[in-house]
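The values are calculated or read from the model by the stated rules, or taken from the named source; none is laboratory data. Everything numeric here is computed off the predicted structure, so don't read it as measured data. Positions of Cβ are backbone-derived with ideal geometry, glycine not excepted, and every protein chain shown enters the neighbour counts. Side chains are part of the model used for accessible areas, which takes the heavy atoms of the whole protein and leaves out ligands, DNA and RNA. Shrake-Rupley method; radii C 1.70, N 1.55, O 1.52, S 1.80 Å.
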Amino acid sequence: KTNENKVMKKKILLIIFMVVSSTLLSQTKDRRAQFGFDHENSLEITPQKEFFIIDNDALIYRSNDINKGFITDSSLYKQMPKRYHGFWYGGLNLKFFNEDTAIVIPQQVYIDSEIDAKIPYFLTYDKCKTWQKCYLDSTESIEITDIIIKENGNCWINSDEGKIYFSNDYGKTFILKDPFNDTTDIVSISMQTDSEGVLMTEDSDIFYTK
C-alpha cells in the first residue's frame, strides 16, 4: 500500500502541476474557438481586440469575445455585384487601419474581362456596415504575398511579381512601385516607419530601404 500511496501522490501532484501550468501559460484548450470552414479564410484582430474572420465567399464572422462565439455578417457579400459571388477562390484578406476603417483585397486575382478588367478591392469606413468598391491600377493577374497596414493610413501591398502598391490615404488610391522591374518576386515586407523597412525576395535576399 505504501508504494500505491506514493504512486497516487505522484499522479495527484502531476495533475495539479498540469492544471497550474495551463492556467499560468493561458493554454485553456477547452475554451478555444473551433470552426469547420470549408474555404480559405483570414483572421484579423483590431486594436480594440475585436476578432474578424472573412472567408472566400466574402462572409465576415465577428466577435467581441472569442469564447462566446461569432456573429455572421453578410453585408459585404450582399453589397458585392453578383458576378463576384464564388469568384474569390484564392481567399480574401481583411485588414483594419483603425476601429472603423478596413480594406478587403483578394489573395489571388486572375483578370477576367467578363468580370473586371482591373483588380477590385473594397473599403469600409463604418466597421463593415457599408462598402465601397475600388480598383488597383493593374490589368495583370497577381497574387498578394503580404500586406502592411498603419494607423496613419499608410498601406503597402506587395505581389508575387515584385511590385509594391502603396497608399497614404487609407486605401482610397494606390501608387505602383516596381523596384526590381519585374525581375524579382517579393515574398514578404516589413515597415518599421513610414520610410524605413525591409523586404525579402523569393531567393531569400533581403533589401533595406530608408
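Some notes on this structure:
- FRET efficiency for Arg83 and Phe166, using Cβ-Cβ distance with R0 set to 41 Å, rounded to 0.05: 0.90
- Exposure of Glu99 as accessible area (Å², to 10), given a probe of 1.4 Å and all protein chains: 80 Å²
- The phi-based Karplus calculation (6.51 cos²θ - 1.76 cosθ + 1.60; θ = phi - 60°) puts the 3J(HN,Hα) values of segment 98-107 at 8, 4, 10, 9, 8, 10, 10, 9, x, 6 Hz, whole numbers, x for Gly and Pro.
- Extension gain from Ile71 to Asn152, taking 0.36 nm per residue of separation minus the Cα-Cα distance: 26.3 nm
- Where a label projected 7 Å from the Cα of Phe207 along Cα→Cβ would reach, residues of segment 122-153 with amide N under 19 Å: 142-148
- Karplus-derived HN-Hα couplings along segment 192-207 (A = 6.51, B = -1.76, C = 1.60, θ = phi - 60°), whole Hz, x at Gly and Pro: 7, 10, 5, 10, 10, x, 9, 9, 10, 9, 4, 8, 6, 7, 10, 10
- Kirkwood Rh in Å, taken over all unlike Cα pairs in segment 121-210: 13.8 Å
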